[in-house]
Amino acid sequence: MKDTLVLYPALGKGHLNSMIELGKFILTHNPSLSISILILSPPNTTVQPEQEIRKLTTTFGCESLPSITFHHIPSISFSVTVPPHVLPLEVCSRSNHHANHILQSISKSSNLKGVILDFMNYSTNQITSTLDIPTYFFYTSGAASLAVFLQLPSTDKMTTKSLKEFHMHPRIPGLPPIPIADMPDESKHRESKTYKVFLDMATIMKKSDGIIVNTFEAIEGRALKALKAGLCLPEGETPPIFCIGPMISPPLKGEDERGSLCLSWLDSQPSQSVVFLCFGSMGRFSKAQLKEIAIGLEKSDHRFLWVVRSDIDSEKLSLDELLPEGFLERTKEKGMVVRNWAPQTAILSHDSVGGFVTHCGWNSMLEAICVGVPMIAWPMYAEQRLNRLFMVEEMKVGLQMNESNGLISATELGERAKELMESHRGIDIRERILKMKISAKEARGGGGSSLIDLKKLVDSWSEHA
Ligand code: UPG
């Protein structure tokens with residue numbers, strides 16, 4: 001029977017893409033393995049399994065990798081609206097019976113070496129432990145935020161207060177001082193349901209067979225050293241940590257027509273002249289904030305490519321209605337605006353892009369680092385404020401955008417863009433990130449830190465045989 005590994009990504013592009021890349025990376029270096037990837041569908045959708053699997057296979061270039069198979073999990077119907085931050089957790093827990101069935105069937109027909117669960121799919125741990133399958137977690141953000149996250153159970157024991165009542169987080173070795181304001185909102189309120197979920201998640205992850213992190217030594221060396229040495233958590237509580245990043249998708253096949261319009265527009269712009277603004281799969285703005293961005297971009301001396309997503313209330317308005325009157329016409333020579341989605345990795349790798357305003361989603365940060373594009377940090381939710389802190393204070397590959405009265409003003413946006421694109425500090429940042437781009441490649445090459453950790457991971461599941 002063939003040795004098989006099961007990968008179970010959480011719902012959402014930011015989770016799916018990196019997990020599929022993880023599977024490809026493992027397989028490239030362990031070609032005798034079989035990899036099964038379980039695919040969750042968005043709720044209340046009707047997807048044809050064969051069609052979805054065909055699409056994934058071509059989009060991610062898996063036609064030449066027959067040892068990767070996708071298993072479709074049917075969509076769940078929700079009769080009530082589930083808040084976006086708990087949706088992936090709900091979808092997973094309500095799909096556990098399917099996961100159970102698929103895992104049992106795989107373990108009958110192959111030698112199942114282990115399961116890698118996205119951390120958001122932590123509820124499936126109940127099943128893998130009942131079936132006695134070695135269980136690893138995939139943490140789709142960085143090592144420093146993982147250290148903060150795994151600390152939660154210890155901070156919870158230390159005090160009966162909520163984190164929101166403190167100004168600073170207790171110091172964690174290898175990490176800069178963390179203002180509580182930068183902690184994810186879900187972790188600050190002890191009485192909230194999500195806080196308890198986070199606590200459970202962290203407790204389960206600490207007891208797992210290991211945590212795989214989408215990072216590499218050159219960008220998070222200090223945090224990684226402390227975490228791996230067991231210094232960030234109470235003695236004996238650190239599970240094995242494997243850092244085998246960066247796992248990012250190359251420009252994906254089958255991007256739509258809008259994608260090629262962006263790229264041909266970029267073709268006609270000077271080298272490193274364009275500021276790209278894009279805010280992940282969920283980042284949305286109010287009409288007031290969109291107006292500030294538009295004014296800032298119009299006044300700035302720089303060209304721009306802006307992916308606009310509005311809040312739910314304004315979703316039905318056209319771009320003309322959303323943005324200041326005449327903005328699109330007045331800026332058509334120096335800017336391009338697209339609605340909702342653009343092929344980010346292809347855009348970031350284009351030579352005309354010189355700066356990236358990002359919401360600090362971890363995949364976006366890695367994608368910018370891998371092509372050496374300096375950033376301006378505009379975090380919005382989840383662990384993104386922590387990512388900004390690490391990006392600006394530790395990696396020093398980005399500038400911080402400063403908010404006032406809940407808005408980023410047009411002036412602030414213009415000044416930060418100017419600083420990044422024109423100042424000495426901007427030049428330093430660019431030089432630093434270009435060095436990281438080289439390190440990113442080296443990490444996954446022969447003798448690189450990520451390849452070394454991958455070998456340790458493979459050895460670890462072989463020990464369970
Ligand atoms: N993307 C596009 N085009 C767009 C917008 C996004 O291609 O117009 C891609 C982007 O290239 C990236 C992914 O979508 O690959 C977005 O991932 P990420 O930057 O990580 O953002 P989120 O989708 O917001 O990711 C969630 C959380 C974030 C966390 C991340 C990984 O919001 O806080 O760091 O998951 O755990």
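Annotations
- Rounded to the nearest 20 debye, dipole of the chain from Cβ charges on Lys, Arg, Asp, Glu: 560 debye
- At 1.002 mPa s and 20 °C, Stokes D of the chain from Kirkwood alpha-carbon radius, µm² per second: 93 µm²/s
- Descending semi-axes in Å of the stretch 179-228, equivalent ellipsoid built from Cα gyration tensor: 25, 17, 8
- Point-to-point label distance, residue 317-residue 190, nm (Cα→Cβ direction, 7 Å offset): 4.2 nm
- The HN-Hα couplings worked out from phi for the stretch 423-430 by the Karplus form 6.51 cos²θ - 1.76 cosθ + 1.60 (θ = phi - 60°) are 8, 4, 4, x, 5, 4, 4, 4 Hz, whole numbers, x standing for Gly and Pro.
- Excluding same-chain neighbours fewer than eight residues apart, the lysines reachable from residue 332 by a Cα-Cα span under 18 Å are 291, 299.
- Taking θ as phi - 60° and the Karplus parameters 6.51, -1.76 and 1.60, the scalar couplings of the stretch 36-45 work out to 10, 10, 8, 10, 7, 9, x, x, 6, 10 Hz in sequence order, x denoting glycine and proline.
- The chain: angle of helix 257-267 to the longest principal axis, Cα-based, in degrees nearest 10: 60 degrees
- Amide proton proximity set for residue 7, modelled H, under 5 Å, gap of 5+: 36, 37, 38, 116
- One chain, two ends: residue 332 and residue 405. Fully extended at 0.36 nm per residue, the span grows by 23.2 nm beyond their Cα-Cα distance.
- Distant-in-sequence amide contacts of residue 305, defined by a placed amide H-H separation under 5 Å and a gap of 5 or more residues or a different chain, comprise 275, 276, 277, 336.
- Note on residue 459/residue 264: beta-carbon distance plugged into 1/(1 + (r/R0)^6) with R0 of 56 Å gives a FRET efficiency of 0.75.
- Calculated SAXS-style log₁₀ I(q)/I(0) at q = 0.13, 0.15, 0.21, 0.30 Å⁻¹ - the stretch 28-80, Debye, Cα scatterers: -0.38, -0.49, -0.79, -1.21
- Seen from all directions on average, the stretch 365-465 presents a Cα convex hull projection of 8.5 nm².
- Shape call, the stretch 314-356: gyration tensor on alpha carbons, a/c limit 1.5: oblate
- Distance between the stretch 101-130 and the stretch 136-211 - C-alpha centres, whole angstrom: 26 Å
- For residue 68, the residues whose modelled amide H falls within less than 5 Å of its own, excluding neighbours fewer than 5 places apart on the same chain, are 35.
- Per residue, the average separation of C-alpha pairs within less than 8 Å and at least 6 apart gives the chain a relative contact order of 14 percent.
- Cα-based helix-to-principal-axis angle, 449-463 vs the chain, degrees rounded to 10: 20 degrees
- Expected 222 nm ellipticity per residue - DSSP helices of 4 or more, -39500 (n - 2.57), all of the chain, to 500: -13000 deg cm²/dmol
- Values of log10 I(q)/I(0), in the order q = 0.17, 0.19 Å⁻¹, for the stretch 143-288 under a Debye, Cα-only, solvent-free model: -1.04, -1.17
- Residue-by-residue Karplus 3J(HN,Hα) for the stretch 94-108, coefficients 6.51, -1.76, 1.60, Hz, glycine and proline x: 7, 9, 4, 5, 5, 4, 4, 4, 5, 5, 5, 5, 5, 6, 7
- Accessible-area composition of the stretch 393-443, carbon plus sulfur, in percent [1.4 Å probe]: 48 percent
The values are calculated or read from the model by the stated rules, or taken from the named source; none is laboratory data. Fair warning: this is a prediction, and the values are worked out from it, not measured in the lab. Cβ atoms come from the backbone with ideal geometry, glycine included; neighbour counts cover every protein chain shown. Note: accessible area is taken over every heavy atom of the protein model, side chains too, but ligands, DNA and RNA are not part of it. Shrake-Rupley method; radii C 1.70, N 1.55, O 1.52, S 1.80 Å.
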